[in-house]
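Written below as structure tokens is the structure these notes are about.
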Amino acid sequence: MANRLDSLLNAWRSDPDADWVLAVIASVEGSAYRKSGAMMLFHPQGPSLGMLSGGCLEADLRRQAHKALSENCAVLGRYDARDETDASYRLGCGGLVDILLLPLNNANQQLQFAAMSKALASGLSGFWCLELPQHRASADNLRAHFYPDAEAPFPAADFSRPGRLMLNPQSGSQQSELLVVPVRPRPHLAIFGGGMDARPLAQMARQLEWRISIVDPRTSYARPCDFEGCELYKTPADTLTPDFLASIDMAVVMHHSLELDATVLPKLGQLPLKYLALLGPRHRGEKLLNTAGMGWDDFYCPPASPAGIDLGGELPADIALSILAACQASLFAKGSKR
């Protein structure tokens, strides 16, 4: 299922000349399944991509998308679940959600999807800024901008999450407002060790639509048939490029070999990782650091040893789930690292 922005952009890029319609949440009051800035896409001959609710709104959104396309205009849909007696859409969150349906065409430069797609493919971050239109505004007059982080016309720290920005009107023009959405590459999980117990970890991470890299120089490990959809690096850690290492957000060291694990640790020590895990019990972690000639304080991101959150269980999938839970928490600064 395609839910992350990268996945939506990849689908759009496969058929950029089609009559796509973008659905984007413009505002939320109270509780909602997704927050402001969340997007999904509608293809005229294909399925919808992404979700803006738990399935409550998508059928109506497709109808609204068809209306936006046939009339070549922006359509604003308002979905109000604050009245629990109103079963119109059977929303369970109890909030008010405004969703814009916006046709993508050449006149509006596909709302800068090409620029966003190019930036994310290069591993760059930035901000997608939509000039919020009035209901039924012409699709040809819709405007969006994409700014790389360094070129944003506002302090980047002000928009770690989607928000609104009021533009200063030019002489004689009306005041307009931007929906500012931070755009970040998908999280990158590097798994050092391509044994069979790494398979459920990689498979679950794929469900989260992360970028997954498997690094293992051994001939019989990290086979393509075992790690579909993952990047495979059949190379020693010493040959990994600085660009690759800098792109890693989270790393799990699980070769089941002290020698191979120890060669990886110096490469990971000073990376600003969100999460770093060493598979095995604490005493193995101690032995591994001694083998690598390192201490616990030699890491920018203190290694978790044992790996993951203690959820119970001992099977490979149990362990994979505990590690991914810790990775997910680290991405959003939830909980503490062990």
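The values are calculated or read from the model by the stated rules, or taken from the named source; none is laboratory data. Keep in mind it's a predicted model, so treat the numbers as computed, not measured. Glycine gets a Cβ as well: all are built from the backbone with ideal geometry, and neighbour counts include every protein chain shown. Please note that ligands, DNA and RNA were not included when accessible areas were found on the heavy atoms of the full protein model with its side chains. Shrake-Rupley method; radii C 1.70, N 1.55, O 1.52, S 1.80 Å.
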### Query
Do we find a residue being loosely packed, with under 15 Cβ neighbours inside 10 Å, of a type in the set (S, T, N, Q) and farther than 21 Å from Trp20 by Cβ anywhere in region 104-122?
yes
### Query
Only one of (1) open to solvent by 80 Å² or more (accessible area, probe 1.4 Å); (2) out of contact with any strand residue (DSSP E or B) (no Cβ under 7 Å at 6 or more places or on another chain); (3) over 20 Å from Pro200 (Cα atoms) fails for Arg223. Which number is that?
(3)
### Test: residue in region 186-204 that is part of a loop (DSSP other than H, G, I, E, B), within 20 Å of the chain's Cα centre (by Cα) and on the phi > 0 side of the Ramachandran plot
no
### Query
Which condition breaks for Ala137 when tested against (1) aliphatic (A, V, I, L, M); (2) in contact (Cβ under 8 Å) with a residue 40 or more places away in the chain; (3) within 17 Å of Leu9 (Cβ to Cβ)?
(3)
### Message
Can you report the number of residues in region 28-62 which are surrounded by 14 or more Cβ atoms within 10 Å (Cβ to Cβ) and part of a helix (DSSP H, G or I)?
### Response
4
## Note on the structure
Listed by range, strands (runs of 3 or more DSSP E) wholly within region 108-178 having at least 1 residues that are touching a Leu at 6+ places or on another chain (Cβ under 7 Å) and more than 24 Å from Cys73 (Cα to Cα) are 144-148
### Query
In region 2-27, which residues are within 27 Å of Asp80 (Cβ to Cβ) and either part of a strand (DSSP E or B) or free of Cβ contacts under 8 Å to residues at least 40 places away in the same chain (or both)?
Val21, Leu22, Ala23, Val24, Ile25, Ala26, Ser27
### Task
Would you mind listing the strands (runs of 3 or more DSSP E) fully within region 209-319 where at least 2 residues are among the hydrophobic types (A, V, I, L, M, F, W, C) and touching a residue at least 40 places away in the same chain (Cβ under 8 Å)?
250-253
